[in-house]
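Before any comments, here is the structure.
The values are calculated or read from the model by the stated rules, or taken from the named source; none is laboratory data. Since we're looking at a predicted model, the values are computed, not measured. A quick note on method: Cβ atoms are made from the backbone with ideal geometry, for glycine too, and the neighbour counts reach across all protein chains shown. These accessible areas exclude ligands, DNA and RNA; they are computed on the full protein's heavy atoms, side chains included. Shrake-Rupley method; radii C 1.70, N 1.55, O 1.52, S 1.80 Å.
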Amino acid sequence: MTKLHAFTVYYVKKARNHRWRCSDVTFWCVDEHLCNQWIQALKELLEMQKSRPKQLLVYINPYGGKRQGKRIYEQKVAPLFSLASISTDVVITEHANHAKDNLFEVNIYKYDGVVCVGGDGMFSEVMHGLIGRIQKDSGIDQNNPKASLVQCNIRIGIIPAGSTDCICYSTVGISDPVTSALHIIVGDCQPLDVSSVHHNNMFLKYSVSLLGYGFYGDILKDSEKKRWMGPMRYDYSGFKTFLSHHYYEGTIAYQPAKHTLGSPRDKDSCRTGCYICKKSEQQLAEQHKDCGLKHEEGEEEWKVIKGKFLAINAVNMSCACPRSPKGLSPAAHLADGSADLILVRKCSRFDFLRYLVRHTNQDDQFDFPFVDVYRVKSFQFTSKLSEDNESNVMDIGKKRFGQFCRDHPACCCNIVNSTWNCDGETLDSSAIEVRVHCQLMKLFARGIEENCKDEAAYSQNSAEQLL
Ligand SMILES: CCCCCCCCCCCCC/C=C/[C@@H](O)[C@H](COP(=O)(O)O)NC(C)=O
Ligand SMILES: Nc1ncnc2c1ncn2[C@@H]1O[C@H](COP(=O)(O)OP(=O)(O)O)[C@@H](O)[C@H]1O
Ligand SMILES: [Ca+2]
């Protein structure tokens, strides 16, 4: 009978398996003044949330994964952004490198973040654009492998719409567009280590997830020809590569990561608020403070390993994905300034299969005599082919390996090199120099949250956050 006044509050509701959903509740009352007071108070509270983005630059790869990027963004993400009063500039990419090139042209500083809708390859492109742009604007030469790179404070949000979506899964705990959109809206921030990859004093790429030679390099190379198959191409090429059972000879030199507290065989993994990553953040801040007195990194010890390898994988994060929920290195940290270097030596097909299967169950994939894992802050790799030509792996910077393969007689090229898979894109050189840059960039994420024991009680209590 009486006139009612109302307002609706939208909030995040946590569901199972790290999934977030948007829910709403409407409040009614008869007193108009009281209702307005509530609205005003809530608006002021929201205004105080300084970490929430107001303006975003969005890149959509319409051809990633199952080619659903545009639909996913328009139907699931854009309505949430507008509900949260976020304004967006949207670019639908027309070709590879469109997003990357665009980031060198636009005024990136007017945005609170960049969103990429696509897979790991698309994320990689946006990250290269953003990190490259910041270095350019700061006068840093990316070709110098020893350069101290400038941290990028413009956060990247990943709306998963690719094939593997390992970076999203490893930083959020699930590949789900709505969950990722909500992490962007509430303004989460997760720092991330980035590896730089050089060859011969020339910058090649950055990597945040997997740098893989041998098995994962060969899968990627074969699967690129099968793009029309969509995400299935990795199963097809994976099976084919497994049967081919190629191994590669080479030398690895690495510098152990002595600054971090963890080890790759730890039972605990990196979770929201991880103290090992916090410790690295403190060390980084101290380094920035007394940068004049910085100790020479190059002086520290190098360990050298020669051998025949089925796979060489360097991962900056666990690389968990729906295919392997605990990932390639379950105890790797998102932001500790180190990478886990996994060496799988020549072994039988059966043993290699046992190793692969352990990525999908609870057994320890490092507990094999032919698998070694090291936590490193930098490493170099040279294949046997290049080595025969040039001798000292420690001096790869001075030499010109690229020349060798092209000039080599065709007859030997069957036993040649594999290629590096760098976050889902192939590299042209096999000889590379890699260095981990602690927390070089930031994501709209908070790492994987600890599983709650009582999920039912959880969703009723503190788990809700105002939109
Ligand atoms: C019985 C056999 C079991 C096989 C389990 C093997 C574990 C699979 C672990 C995959 C780790 C993938 C790391 C992520 C790589 C992506 O950057 C890349 C590119 O992803 P994108 O296509 O851009 O989404 N994907 C691949 C397969 O190379
Ligand atoms: N419009 C486009 N046309 C063709 N390729 C594109 C386009 N936009 C982006 N790309 C490239 O597609 C590659 C793969 O995209 P990604 O979104 O990672 O999908 P997937 O996970 O299926 O590999 C990226 O390396 C990116 O550079
Ligand atoms: Ca790391």
- Message: Given the DSSP H assignment, sum -39500 (n - 2.57) over each helix run of at least 4 residues in the chain and divide by its residue total; what's the result at 222 nm in deg cm²/dmol, nearest 500?
- Response: -8000 deg cm²/dmol
- Please list, in chain and number order, the residues 5+ apart from Val90 or on another chain whose amide H is under 5 Å from its amide H, with Hs placed from the backbone. Val58
- Note on the structure: Honestly region 218-375 on the Cα gyration tensor test (a ≥ b ≥ c root eigenvalues; a/c under 1.5 rounded, otherwise a/b vs b/c for prolate or oblate) is just prolate
- Message: Need the C-alpha centroid separation for region 1-41 versus region 159-203, integer Å.
- Response: 32
- With θ set to phi - 60° and the Karplus curve 6.51 cos²θ - 1.76 cosθ + 1.60, what are the ³J(HN,Hα) couplings of region 131-148 in order, to the nearest whole Hz, using x for Gly and Pro? 5, x, 4, 4, 5, 4, 5, 9, x, 9, 8, 5, 6, 7, x, 9, 4, 7
- Residue-count net charge about Ile86 - beta-carbon cut-off 10 Å; Lys, Arg +1, Asp, Glu -1: +1
- Message: Quick query: amide H of Ile448 versus all other amide H atoms, modeled in the peptide plane; which residues come in under 5 Å with a sequence gap of 5 or more or a different chain?
- Response: Thr272
- Unsatisfied cross-links (Cα-Cα over 31 Å) in the set Lys100/Lys226; Lys146/Lys225; Lys50/Lys279; Lys205/Lys303: Lys146/Lys225
- Please work out how much length the chain gains when fully extended from Leu243 to Met229, using 0.36 nm per residue of separation minus the C-alpha to C-alpha distance, in nm with one decimal. 3.1 nm
- Item | Rough spin-label spacing in nm, given labels placed 7 Å along Cα→Cβ, for Asp363 and Glu301 | 3.3
- Item | Rounded percent of accessible protein surface that carbon and sulfur make up, the chain, 1.4 Å probe | 51
- Task: Please give the length that would be gained between Lys136 and Val106 if that part of the chain were fully extended, namely 0.36 nm times their separation in residues minus their C-alpha to C-alpha distance (nm, one decimal).
- Result: 9.4 nm
- Note on the structure: Rounded to one decimal in nm, the spacing of the 7 Å Cα→Cβ label points at Ala78 and Ile39 is 2.7
- Message: Please give me the summed charge of the neighbours of Gln37: other residues whose Cβ is under 15 Å from its Cβ, Lys and Arg +1, Asp and Glu -1.
- Response: -2
- Task: Please arrange Glu94, Glu301, Glu47 by accessible surface area, largest first, computed with a 1.4 Å probe and ligands excluded.
- Result: Glu94, Glu47, Glu301
- Item | the chain: relative contact order in percent, alpha carbon pairs under 8 Å with at least 6 residues between | 22
- Item | Label-point gap, in nm, between Arg354 and Tyr10 - each point 7 angstrom along Cα→Cβ | 5.3
- So who's got an amide H within less than 5 Å of the one on Ile156, skipping anything under 5 residues away but keeping other chains? H placed 1.01 Å off N, in plane. Val114, Lys442, Leu443, Phe444
- Task: Starting at the first residue of region 72-85, write each ³J(HN,Hα) from the Karplus equation 6.51 cos²θ - 1.76 cosθ + 1.60 with θ = phi - 60°, in whole Hz, x for Gly and Pro.
- Result: 4, 5, 5, 8, 9, 9, 4, x, 5, 4, 6, 4, 8, 6
- Message: About the Cα centre, and with charges only on the beta carbon of Lys, Arg (+1) and Asp, Glu (-1), how big is the dipole of region 49-189? Nearest 20 debye, please.
- Response: 220
- Task: Could you tell me the accessible area of His33 in Å² (1.4 Å probe, neighbours in place), rounded to the nearest ten?
- Result: 120
- Task: Work out how much length Val150 to Ser263 would gain on full extension: take 0.36 nm times their residue separation and subtract the Cα-Cα distance, in nm to one decimal.
- Result: 38.0 nm
- Query: Is the shape of region 1-55 rounded, prolate or oblate, going by the alpha carbon gyration tensor and its root eigenvalues a ≥ b ≥ c, with a/c under 1.5 for rounded and a/b larger than b/c for prolate?
  - Reply: oblate
- Message: Let's see if you can work this out: charge +1 on each Lys and Arg Cβ, -1 on each Asp and Glu Cβ, no other charges. What is the dipole magnitude of the chain about its Cα centre, in debye to the nearest 20?
- Response: 820
- Taking alpha-carbon centroids only, region 431-446 lies from region 65-82 a number of Å equal to 27
- Take every DSSP beta bridge with both residues inside the chain and express the antiparallel ones as a percent of the total, to the nearest 5. 80
- Using a Förster distance of 22 Å, the FRET efficiency for Arg67-Arg21 (Cβ separation, nearest 0.05): 0.30
- Item | Span from the region 306-381 Cα centroid across to the region 107-151 one, whole angstrom | 27
- Task: Identify, among Gly65, His33, Ile92, the residue whose Cα sits farthest towards the positive end of the charge dipole of region 1-106, taking +1 on the Cβ of Lys and Arg and -1 on the Cβ of Asp and Glu, with the dipole about the Cα centre.
- Result: Gly65
- Scalar couplings 3J(HN,Hα) for region 65-70 by Karplus 6.51 cos²θ - 1.76 cosθ + 1.60 (θ = phi - 60°), nearest whole Hz, x for Gly and Pro, are x, 8, 6, 10, x, 5
